[in-house]
Amino acid sequence: MDLQDTRGSRPSEGWLHWLSSVTDMFAYPLRTSHYVELVNPLWSTHKLQAKVVDVWDETSDSRTITLKPGANWRGHRAGQHVRIGLAVDGQHYTRTYTISSSPERDDGCFTITVKAIAGGRISHHIVRKLKVGDYIPVGLPQGEFYLPDASPAQPLFITAGSGITPAMSMVRSMVSQQRMANTVHIHYAPGVQETIFGKELREINNSQPHYCLTEVHTNTMSENDPARHFSLEALEKICPDWRERD
């Protein structure tokens, strides 16, 4: 019986469940999974955990966390979100974040991208204190807003700040699958340095002929400039065919 999955990083889910069914009777009142967790938290089957394997600063106040999930992970669809648990100052908190990576990653990992919000205790903990090697509880992916199996004919993404994460997952997925549709993406951010995924977005814009990115850097505009804020008038100028888009 194969003890490793195709990535060779953890015992296969089927093997773990088989082992548990045989040994749970001897582990009472706990389950075999509780003891397996002591060896490697990712092998646990009674709860789903993920290991922080990388952190990357997107901007001065936002960070992408790469997570390697445990045995019960089912994968996600581009655009879905996930709940994570955190222990901060002795209290347990749960927060929901959109997965920012594409489902096509071949390392079994996924990413969340978090911006530290003023007064946000949990977001600051994730951005400033979560480190490689930490384990955190995670839920299974959820959400009905995701990239459909059939590519939209003419997608239109309008995003701002850290709200770009579901769109980024979808764009990355279309790039990975080599099925980039005729896409218009309008993104609002304070400036070039404050644009989350800015470098990657521009690289995609330069390499994908069917992807058209417009960045609106609000801090470079005067307060009276109508283009500084989203409006139908601004949308008409940037994307005249927006009514026909998905």
**OP:** Scan the range 132-169 residue by residue and report those that are among the hydroxyl-bearing types (Ser, Thr, Tyr), modelled with pLDDT of 95 or more and touching a Lys or Arg at 6+ places or on another chain (Cβ under 9 Å).
**Re:** Ser162, Ser169
**OP:** Identify all residues within the range 211-236 that are out of contact with any helix residue (DSSP H, G or I) (no Cβ under 9 Å at 6 or more places or on another chain) and surrounded by 13 or more Cβ atoms within 10 Å (Cβ to Cβ); write none if there are none.
**Re:** His217, Phe230
**OP:** Please indicate, with yes or no, whether at least one residue in the range 192-201 is surrounded by 14 or more Cβ atoms within 10 Å (Cβ to Cβ), of a type in the set (Lys, Arg) and modelled with pLDDT of 95 or more.
**Re:** no
Original post:
Among the numbered criteria (1) modelled with pLDDT of 95 or more; (2) among the basic types (Lys, Arg); (3) out of contact with any strand residue (DSSP E or B) (no Cβ under 7 Å at 6 or more places or on another chain), which single criterion is violated by Arg128?
Top reply: (1)
Original post:
Tell me, which strands (runs of 3 or more DSSP E) lie completely within the range 52-165 with 1 or more residues that are more than 30 Å from Pro240 (Cβ to Cβ)?
Top reply: 62-69, 81-88, 91-98, 110-115, 135-137
Original post:
Taking only pairs six or more apart or across chains, which ones have beta-carbon atoms under 9 Å, a first residue in the range 117-141 that is in contact (Cβ under 8 Å) with a residue 12 or more places away in the chain, and a second residue that is of a type in the set (A, V, I, L, M) and part of a helix (DSSP H, G or I)?
Top reply: Tyr135/Leu42
Original post:
In the list Gly120, Gly163, which residue meets the criterion of being surrounded by fewer than 16 Cβ atoms within 10 Å (Cβ to Cβ), under 28 Å from Pro190 (Cβ atoms) and assigned by TED's automatic domain parsing to the domain that holds Tyr211?
Top reply: Gly163
Subject >> the range 196-246, residues that are of a type in the set (Ser, Thr, Tyr), part of a helix (DSSP H, G or I) and either over 24 Å from the mean Cα position of the chain (by Cα) or more than 20 Å from Asn182 (Cα to Cα) (or both) >> reply: Thr218, Thr220
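The values are calculated or read from the model by the stated rules, or taken from the named source; none is laboratory data. Computed from a predicted model, the values in this text were never measured in an experiment. Here the Cβ is made from the backbone with ideal geometry for all residues, glycine too, and neighbour counts use every protein chain on show.
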